[in-house]
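Before any comments, here is the structure.
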Amino acid sequence: MQPESRTPVTLRESGDGLIRAGVTTFRRELLIAFREKQDVINPLVFFVLIVSLFPLGISPETEFLRDAGAGIIWVAALLAILLSLNMLFRNDYADGYLEQWVLSPQPLAMMALVRVSAVWVASVVPLLLLVPLLGLMLHLPAERIGVLTLTLLMGSPVLLLIGAIGAALTVSVRNSGMLLALLMTPFYVPVLIFGTGAVTAFGQGASITGHLAILGAMLALAIVLAPLAIAAGLRMSVANG
Amino acid sequence: MSTTLLEARQLYCERDDRVLFSGLDLSVGSGDIVRIAGPNGAGKTTLLRVLAGLNLSFEGGLSWYGYPLHQQRDWYQANMLFLGHRAGITASLTPLENLRCWVDMRRPHREELLWEALADVGLEGYEDIPSAHLSAGQQRRVALARLYLSTEPVWLLDEAFTAIDQGAVKVLESLISSRAAQGGAVVLSTHHRLQLDECRVLELGGSLGFAT
Amino acid sequence: MGDALMQFDSLQSLIAMNGYGAYVWSSYLVFLVVIAALVLGTRLQYRRIVLDQQRLVRIESRKASERKPQNESGS
Amino acid sequence: MWQWFHKLGSPKWFFGIAGRLIPWLGFGALILLGVGIVWGLLFAPADYQQGDSYRIIFIHVPSAYLGQSLYVAMAVAGAVGLIWRMKMADTFIAATAPVGAALTFVALFTGAVWGKPTWGTWWVWDARLTSMLLLFFLYLGVMALRRALEDPENRARASAILTLVGVVNIPIIKFSVEWWNTLHQPASIKMTEAPAMPASMWVPLLICAIGFHLLAGWLILMRMRNEILYRERRARWVRDWLLSQ
């Protein structure tokens, strides 16, 4: 059996099948997340752990927890996302799949966006499912938990997209966990301010449409600009392997 | 003369204070096999990564099919397969899934082709166990299975023959020559003594690097 | 200087600055310290580079002189 | 076209130009800062509200202003470095980051100290001070990333990307911090805008501002020359120049 290559040489115009490549990247990320459950569970446990520190550390009175609850959950979610970001590209960089992925004939920024959204679905949505539970733990009234979950729903993709820029830049750095947090946390401040701002405004009976509009604007900006920076960062990290 | 697929003009590259190569010209046409030879650390890997468009810190011109490469990145990457030091196999996925993810990013494929490619590299029965349980040599074979599936005319193989046993060496050599025979072009670096007669050698390190 | 004339009649009043002296002078002190640190850092950086270069040249000239006695055996 | 741009940023040419500029910048800064600070400290009249504590303004405002404009300058250099692959752009970022960080720190410290006599607390979560604190973290981020990446090419590209991401975020951060500040800050403690200053106050401030710019230029050019000497240390002209020192 002459080991002839299975497929003839064909000079292709350029990579077609953007949808197929996107679906493949999305499905692959979910498959890996499902197979490596630990990488999804750890941030969740960390999230609950951080939230339960505040009543212990400060005070368990209902009155304090009701005021500070939204902020506590937001900061804990932010830190949990930062934790899971560190592993975002690391395994693929180590085993060499990252350079194959960068070399695939598809627009890298688009693929990066698909990949980050897959990670959002795989590891951040479970986080959001925990928010109502933690809200009750912190004696938050039901509607306020609803608003809190809504702001996190809009804010967490922004946190993930911006954090992925840092992950792409530091993927070739050895123990880059702390470095990633140092680089990206200043960029999280606006999202944190308007996320918690919406909940406090709702608590005082004020309308929150303004806050949600700004969160939406940040989300749109992140979706458009962040993938470009992520792609540039990945090309840089993969350069000399 | 065969159509030139990949061409490098006056390549210059330095890394941590050493000039790896300067003034390097290389023209690879269809049907060519070029072996990059030179001692370790002479810049073989760097040159291959420059040709693959991964490494951007070099000076000089690179063109694909006559067009400047940095303007034709997608078109070039659709017609080029790069195999680096690391196999690029994800441990938590099975060989089948690894191959499927790789091919799906490039073109539609028929499922049985994957099974046949894995059979060709001698991995029958291992298709659907997680790659983590495979040995390094077997993982390398999964990467070689891509060559069976590859319709890309240009192959860039870095240390192609490392960590594979004698049987696989024969297979790889015939694959390379058949790719060149079909009008493709292969640029590879290896320490293994290659039995391919019609292959040009590009010497790196020491003398001025140009295609002998 | 327009209507700006000397505001403080004595050194003591200048230092005290109607009670704000501590704040004003500490700010200017920190400013001077930071700028001095920057200038010093730049100077040290420069000196280290010059020393490295001179060491490099010495090593190379010594290597070159060692190679000279035996016959030139190719670069 | 690409080659021509690359030649434009040739280190040797820049090294010579910077060499001639540095003495002028140095003396200019010395004279202007000398005059500005002495005038501000000794001759400018006390502020009717804040008394003499406002004299800190002569170093607080210029350093705050420079801290921000240097980061924007780094982002511009980053863009130039990414688009035209010019090595000098990265030399500028490498030289400017520490200077920007130091000046932002000076602005932070003097702002906090200025707050003490005015509102009785060492740190006021005022919008501008908080934004400056975040800007200081951005500088530390750039410097930390540069130290973490060994390969010069990666370091250049990574810091260019990070400064560009940063410069896009600075207005967003300032806007959100300002909004957040109005929400939580009772009006009385709001840091007063620079009061309508009589000539005897804003003239020394202007002199100090120009002096600060010359000082920053002086420091940055010196550090850029060091970077060039290090990066081009194998070049013949560097070797001769260094040995002639």
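Among the residues of the stretch B:66-88, count how many are over 17 Å from A:G22 (Cα atoms) and within 11 Å of chain A (Cβ to nearest Cβ).
Summing the residues that are over 17 Å from A:G22 (Cα atoms) and within 11 Å of chain A (Cβ to nearest Cβ) in the stretch B:66-88 gives 14.
With the checklist (1) in a strand (DSSP E or B); (2) surrounded by fewer than 14 Cβ atoms within 10 Å (Cβ to Cβ); (3) not charged (D, E, K, R) in hand, flag the one item B:L11 doesn't pass.
For B:L11, the exception is condition (2).
Does the stretch A:103-145 hold any residues that are polar (S, T, N, Q) and under 30 Å from B:F82 (Cα atoms), and which are they?
A:S104, A:Q106, A:S117
Tally the residues that are surrounded by fewer than 23 Cβ atoms within 10 Å (Cβ to Cβ) and not in a helix (DSSP H, G or I), restricting the search to the stretch B:168-188.
So the count comes out to 2.
Does B:L99 satisfy the criteria of being assigned by TED's automatic domain parsing to the domain that holds B:R179 and either crowded, with 19+ Cβ neighbours inside 10 Å or not in a helix (DSSP H, G or I) (or both)?
No: the conditions fail for B:L99.
Which condition number does C:L32 fail, the rest of (1) under 18 Å from D:I37 (Cβ atoms); (2) part of a helix (DSSP H, G or I); (3) at the interface with chain D (Cβ under 8 Å from one of its Cβ atoms) being met?
(3)
The rows are residues; the columns are (1) buried (at least 20 other Cβ atoms within 10 Å of the Cβ); (2) under 21 Å from the mean Cα position of the chain (by Cα); (3) not assigned by TED's automatic domain parsing to the domain that holds B:A181.
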position	(1), (2), (3)
B:W64	yes, yes, no
B:E111	no, no, yes
B:I129	no, no, yes
B:L144	yes, yes, yes
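Would you be able to tell me the number of residues in the stretch A:202-223 that are more than 11 Å from chain D (Cβ to nearest Cβ) and not aromatic (F, W, Y)?
Looking only at that region, the number is 11.
So for the stretch A:184-205 (the condition being modelled with pLDDT under 95, over 20 Å from D:H184 (Cβ atoms) and more than 15 Å from the chain's Cα centre (by Cα)), does at least one residue qualify?
no
Hey, among the residues in the stretch D:228-245 that are more than 9 Å from chain C (Cβ to nearest Cβ) and buried (at least 17 other Cβ atoms within 10 Å of the Cβ), which one's nearest to D:Y71 (Cα to Cα)?
Ranking the candidates gives D:I228 first.
Determine if the stretch B:89-97 includes at least one residue that is within 23 Å of B:A185 (Cα to Cα) and either within 10 Å of chain A (Cβ to nearest Cβ) or modelled with pLDDT under 90 (or both).
No, because not a single residue in the stretch B:89-97 is within 23 Å of B:A185 (Cα to Cα) and either within 10 Å of chain A (Cβ to nearest Cβ) or modelled with pLDDT under 90 (or both).
Cβ-Cβ under 7 Å, sequence separation 6+ or interchain: first residue in the stretch A:190-213 and over 17 Å from D:F175 (Cβ atoms), partner of a type in the set (F, W, Y) and part of a helix (DSSP H, G or I). Which pairs?
The qualifying pairs are A:I208/A:F202.
Of all residues being touching a residue at least 24 places away in the same chain (Cβ under 8 Å) and of a type outside the set (A, V, I, L, M, F, W, C) in the stretch B:157-177, which is nearest to B:G122 (Cα to Cα)? Just the residue, please.
Of everything passing the filter in the stretch B:157-177, B:G167 is nearest to B:G122 (Cα to Cα).
For a quick check of your reading of the model, give me the residue pairs whose first member lies in the stretch D:58-76 and is closer than 25 Å to D:S200 by Cα and in contact (Cβ under 8 Å) with a residue 12 or more places away in the chain, whose second is in a helix (DSSP H, G or I) and among the aromatic types (F, W, Y), with beta-carbon atoms closer than 7 Å and at least 6 apart or on different chains.
Close Cβ pairs satisfying both conditions: D:I59/C:Y28; D:I59/C:F31; D:H60/D:W114; D:P62/D:F212; D:S63/D:F212; D:L66/D:F212.
Which of the residues that make up the stretch B:100-117 are at the interface with chain A (Cβ under 8 Å from one of its Cβ atoms) and free of Cβ contacts under 8 Å to residues at least 24 places away in the same chain?
Scanning the stretch B:100-117 gives B:R100, B:C101, B:D104, B:M105, B:P108.
Return the residue satisfying two criteria in turn: it lies in the stretch B:28-65 and is touching a Phe, Trp or Tyr at 6+ places or on another chain (Cβ under 6 Å) and within 14 Å of chain D (Cβ to nearest Cβ), and of such residues it is nearest to B:T190 (Cα to Cα).
Applying the filter and picking the extreme gives B:V50.
Quick check on the stretch B:134-145. Is at least one of its residues over 14 Å from B:M80 (Cα atoms), β-branched (V, I, T) and more than 9 Å from chain A (Cβ to nearest Cβ)?
yes
Between D:L205, D:L214, which is modelled with pLDDT of 95 or more and more than 11 Å from every other protein chain (Cβ to nearest Cβ)?
Residue meeting the stated conditions: D:L214.
Every residue in the stretch D:116-164 that is in a helix (DSSP H, G or I) and within 14 Å of chain B (Cβ to nearest Cβ), please.
Correct list: D:P152, D:E153, D:N154, D:R155, D:A156, D:R157, D:A158, D:A160, D:I161.
Please state which one of D:D47, D:D90 is over 22 Å from the mean Cα position of the chain (by Cα) and among the charged types (D, E, K, R).
D:D47
Do any residues in the stretch C:10-24 that are at the interface with chain D (Cβ under 9 Å from one of its Cβ atoms) and under 16 Å from D:V113 (Cα atoms) have Cβ atoms under 7 Å from those of residues that are of a type in the set (A, V, I, L, M) and in a helix (DSSP H, G or I), where the two are at least six apart or on different chains, and which pairs are they?
Partner pairs satisfying both residue conditions: C:M17/C:V24; C:G21/C:I15; C:Y23/D:I56; C:Y23/D:V113; C:V24/D:I56.
Which ones in the stretch B:146-167 are under 13 Å from B:D120 (Cα atoms) and surrounded by fewer than 22 Cβ atoms within 10 Å (Cβ to Cβ)?
Within the stretch B:146-167, just B:G167 meets the criteria.
The values are calculated or read from the model by the stated rules, or taken from the named source; none is laboratory data. Computed from a prediction, not measured in an experiment: that's the story for all the values here. When we count neighbours, we look across all protein chains shown, and the Cβ atoms used for this are built from the backbone with ideal geometry, even at glycine.
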